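Every number in this text was worked out from the coordinates using simple rules, so none of it is lab data. Note that the coordinates shown come from a computational prediction; the quantities given were computed from them, not determined experimentally. Neighbour counts are summed over all protein chains in view; Cβ atoms, including those assigned to glycine, are modelled from backbone coordinates with ideal geometry.
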Amino acid sequence: MKFICVTLLIISGIADSRADNFDVVGPAVPLMAVSGEDVILPCSVKPSISAVNMRVEWSRLDQRGSVVHLYEDHEDRNTDQLPSYRGRTRLFKDELENGNTSLKLSRVQTSDEGIYKCFVQSESWYDDTTAAVRVEAVGSAPVITVDGFDGSGGLHLQCESKGWNPEPDLVWLDSEGVTLTSESTDTHRDDTDGFSVKHAITVYNSDTKYHCRVKLRHHMLETEIIISSKMFNSRKTLMILNSVAVVLSVIAGILIAVFFHKKIGNIFIIRSCASLRLLLQNTQMWLDRSKS
C-alpha cells in the first residue's frame, strides 16, 4: 500500500511539472520587412498561458546575443539594449496574458537584418525560438555622369545608385533595349545605408539614347541619357583647339629662342666692339708715349 502511495505521488509530481512546461513558437519562414516601415516578429507561448510574470528577452544571435528588448518583473528593462534599437521596440503588454510575446520593431533599417531569438522563462521552465528578418530597401534613382572621352574617341558613361538592400541588378541598355556589357563595376555595402552599385561603359554612337536600369525583385528605377552629335563635335573642336594651341606654343618657343639668340648675339657684338675700341685707345696712348 505504501509503495502505491509513493508511486502516485511521483506520478502526480511529474504531471504537475509537465503542467508548467510550455513551448515557445516563432515564424516558420524568414520575415520580409521594408526599410522605413514597421514589422512584427511573432513569438508566443504554447499552450496559451499567461506570460505576464515571465521573463521575455529578445536578442540578436548574429551579434553575440546583444539585447534588443527585455521584459522582466512586469516592466521593460532596456538598460543594456543595443543603442540602434532605442525607442523602436515594444511588446504587446495587453497580449502577454494570452501568451503573446511578439516584438514590434518600428522604422526598420537595413542594419536590422539578422537572426533574432525570443527567450521566455518562468520560475520552473524556459524555452526559446528564432526569427530571421530580411530587410528590403529601395534605393535612389540611378544617376548618369559623363566622364569624358578616351584616346579612341569613345565617350565614358558612369551610372550609380545607392541605398539598396539586398544587392540590386544594374544594367545598361541601348535604344533598342539590348543589354550592354559593363566595362567596370563597383559594389559597396554599408551597414546603415545598404548597397551602392556603380557600372561604367564606353559609347561611340551619337544621337543615340542609353538607359541605366536598377532592379530588385518587383522594384525598378531607370534613368536615360541622349548622346547628341554636339558632344562629339565639341570633342573634335576641342582637339582642333588643342592642336592649334600646341602649334602656337611651338612657334612661340621658336620665336623666343630666336629672339634670345639674336639678343645674345647683339650683346656679344657690342661687347666685342667695346673691347676693340678700348684696345685701340690703349694702343694709341702707347704710341703717343713712345713718340714723346
query: At a Förster distance of 45 Å, what's the computed FRET efficiency of Asn53 paired with Asp207, Cβ-Cβ distance as r, to 0.05?
result: 0.05
query: Sorted from largest down, what three extents in whole angstroms do the Cα atoms of the stretch 154-206 have along their principal axes?
result: 40, 20, 13
- prompt: Using a basic spin-label model with each label point 7 Å from the Cα along Cα→Cβ, how many nm lie between Gln63 and Arg90?
  reply: 2.1 nm
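Counting other C-beta atoms within 10 Å, and keeping those with at most 15, which DSSP coil chymotrypsin sites (Phe, Trp or Tyr not before Pro) do you find in the stretch 155-219?
In loop regions of the stretch 155-219 (DSSP not H, G, I, E or B), the sparsely surrounded chymotrypsin sites (Phe, Trp or Tyr not before Pro) are Tyr204.
Kindly rank 77-86, 143-152, 62-71 from highest to lowest mean number of other beta carbons found within 10 Å of each residue.
Numbers: 77-86: 12.9, 143-152: 11.1, 62-71: 17.0.
Most protected by this proxy first, the peptides run 62-71, 77-86, 143-152.
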task: Specify, per residue and in Å³, the volume enclosed by the convex hull of the alpha carbon atoms belonging to the stretch 40-185.
output: 170 Å³
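Contact order normalised by length for the stretch 143-230, with contacts defined as Cα pairs under 8 Å and 6 or more residues apart; what percent is it? Please list the in-between numbers first.
Values: 188 pairs, mean separation 26.6, N = 88.
The value is 30 percent.
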- prompt: What is the diffusion coefficient of the stretch 115-162 in µm²/s, taking the Kirkwood radius over Cα pairs and the Stokes-Einstein relation at 20 °C with a viscosity of 1.002 mPa s?
  reply: 134 µm²/s
task: Work from the charge dipole of the stretch 17-136 (Cβ charges, +1 for Lys and Arg, -1 for Asp and Glu, about the Cα centre) and give the residue of Gly26, Gly36, Pro47 farthest towards its positive end.
output: Gly36
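Just rank His219, His199, His211, His156, fewest to most, by other beta-carbon atoms within 10 angstrom. Walk me through the intermediate numbers first.
On the way: His219 13, His199 23, His211 19, His156 16.
Ordered from fewest to most neighbouring Cβ atoms within 10 Å, His219, His199, His211, His156 come out as His219, His156, His211, His199.
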